[in-house]
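Asker: Structure incoming, see below.
The values are calculated or read from the model by the stated rules, or taken from the named source; none is laboratory data. Worth saying up front: this structure is predicted, and the values here are computed from it rather than measured. Cβ: placed from backbone, ideal geometry, glycine included. Neighbour counts: every protein chain shown.
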Amino acid sequence: MHKIKVRINGKDFEHEVEPRLLLVHYIREKARLTGTHVGCDTGNCGACTVLFNGDPVKSCMMIALQANGAQITTIEGLAGNGLHPVQEAFSERFAVQCGYCTPGMILSACSLLQSNPQPNEAEIREAIEGNLCMCTGYQQIVDAIAHAAQKAKGLERRKP
């Protein structure tokens, strides 16, 4: 057993973990944050995507020990007083069907918009290419991310 300390959604967690415990299982079982989904456990689907020190990572591809000292954001950590603008855009553009891929898609989109506030369609598609969706055909997801970018652009213009 090894002790790790990690900050998830602004809250500190400290636990003894088995050396082989995957980060996705740590988040769900130790931190009790179940918005991060377990999909394939092979890094192919993206359902387990979280922001790791600001970058999107598939948490099934990391062992929890690698997160020692890291800052992680899960889908639960996005909303403050209400939905995050990307979450709102997913709702407004009907980008959610079964919802299994949604947390990973939203976190990947947030990372993209942080580094590229006005992406084009090709850049959006590239940013989510590691996240599989079996329901939507992706167009609503792409539209939602573009909508979130446009909403953010409008908010920036209104600032004094």
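Asker: Which residues, counting only those in the range 90-107, are buried (at least 16 other Cβ atoms within 10 Å of the Cβ) and not in a loop (DSSP other than H, G, I, E, B)?
Answerer: Matches in the range 90-107: Phe90, Thr102, Pro103, Gly104, Met105, Ile106, Leu107.
To keep it simple, each residue is scored yes or no on (1) modelled with pLDDT under 95; (2) farther than 30 Å from Leu21 by Cβ; (3) of a type outside the set (A, V, I, L, M, F, W, C).
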position	(1), (2), (3)
Ala70	no, no, no
Cys98	yes, no, no
Ala109	no, no, no
Asn131	yes, no, yes
Gly137	yes, yes, yes
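Asker: Could I ask something else about it? Considering only residues of the range 118-140 that are touching a Phe, Trp or Tyr at 6+ places or on another chain (Cβ under 9 Å) and β-branched (Val, Ile, Thr), which is farthest from Cys48 (Cα to Cα)?
Answerer: Residue satisfying both the conditions and the ranking: Thr136.
Asker: Suppose we filter the range 108-129 for residues that are part of a loop (DSSP other than H, G, I, E, B), over 12 Å from the mean Cα position of the chain (by Cα) and farther than 16 Å from His84 by Cβ; how many remain?
Answerer: The number of residues fulfilling the criteria is 5.
Asker: Let me ask you something else. Quickly run through the range 16-29 and pick out the residues that are farther than 19 Å from Asn53 by Cα and touching a strand residue (DSSP E or B) at 6+ places or on another chain (Cβ under 9 Å).
Answerer: Those that are farther than 19 Å from Asn53 by Cα and touching a strand residue (DSSP E or B) at 6+ places or on another chain (Cβ under 9 Å): Glu16, Val17, Glu18, Pro19, Arg20, Leu21.
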